[in-house]
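So the structure is just underneath, and the comments pick up after that.
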Amino acid sequence: MKRVQQLVLAVALAAVSGACDEQLSDVAGPSPDLRTTFTSIQREIFSTTDSSGRLACTQCHTDVGRVPPVNLVLLEGRAYANLVGRASNQKPGATLVVPGDPDASYLIHKLEGRADIVGQRMPRTTGPFLTEGQIRIIRRWIELGAVND
Ligand code: HEC
């Protein structure tokens, strides 16, 4: 009887202590190292084509060797200033990232492919788009204040 109780307790503890890490990488799907910091979003989403074949944003959003679409450069060191508190160049009145408010952030509308967007859902290909989990992590970074961390 005692052994059984100990076993149950051990399993329960393992479930609790492992929960956080397990959850975040489960949510992050094809970019398991994605975290709710800007550095991580830059590295795992903007600059990198992920393991599902979803294109890096900087394939297009760069001014190296091409004109960046809608003047939006998402290269490391420049993306933050081009997103946070910046007006959309396509949709009048929209702001790309509003700190603390993912639903008001036009970047999220473009990533989710909402009905109100001008142009196409991002990344602008035939897919794959970001997974729901990847978008949730970016939403959470905005909710936490869209800090340049
Ligand atoms: C294959 C090229 C391509 C890729 C990859 C791509 N984009 Fe774009 N993006 C465009 C083009 C072209 C436009 C303008 C036309 C449109 O919106 O459909 C645009 C527009 C945008 C806009 C609107 C900017 C504004 O001022 O309103 C945002 C935000 C955006 N992209 C974010 C992203 C993000 C984030 C990624 C990566 C997840 C990404 N894009 C990947 C080509 C691309």
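The values are calculated or read from the model by the stated rules, or taken from the named source; none is laboratory data. Here the structure is a predicted model, which is why all the values come from computation and not from measurement. Positions of Cβ are generated from backbone atoms using ideal geometry, with glycine treated the same way; all protein chains shown enter the neighbour counts. Heavy atoms of the whole protein, side chains included, go into the accessibility calculation; ligands, DNA and RNA do not. Shrake-Rupley method; radii C 1.70, N 1.55, O 1.52, S 1.80 Å.
Structure data summary
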| item | result |
| --- | --- |
| The chain: relative contact order in percent, alpha carbon pairs under 8 Å with at least 6 residues between | 22 |
| Packing-based order for 81-87, 137-143, using average beta carbon neighbours within 10 Å, highest first | 137-143, 81-87 |
| In sequence order, calculated HN-Hα J values of the range 65-72 (Karplus, 6.51, -1.76, 1.60; Hz; x Gly/Pro) | x, 7, 8, x, x, 6, 6, 9 |
| The range 2-143 - convex hull of the alpha-carbon atoms, volume per residue in Å³ | 127 |
| In sequence order, calculated HN-Hα J values of the range 53-59 (Karplus, 6.51, -1.76, 1.60; Hz; x Gly/Pro) | x, 5, 5, 4, 4, 6, 4 |
| Angle in degrees between helix 132-143 and the longest Cα principal axis of the chain, rounded to the nearest 10 | 80 |
| Amide N of the range 113-149 lying under 20 Å from the label point, which is placed 7 angstrom from the Cα of residue 23 along Cα→Cβ | 131-146 |
| Rounded to whole Hz, the Karplus (6.51, -1.76, 1.60) HN-Hα couplings of the range 94-106, x for glycine and proline | 8, 10, 5, 10, 9, x, x, 9, x, 5, 8, 8, 5 |
| Built amide H within the under 5 Å cut-off of residue 95, gap 5+ | 88, 106 |
| Average accessible surface area per residue within the range 2-143, 1.4 Å rolling probe, Å² | 57 |
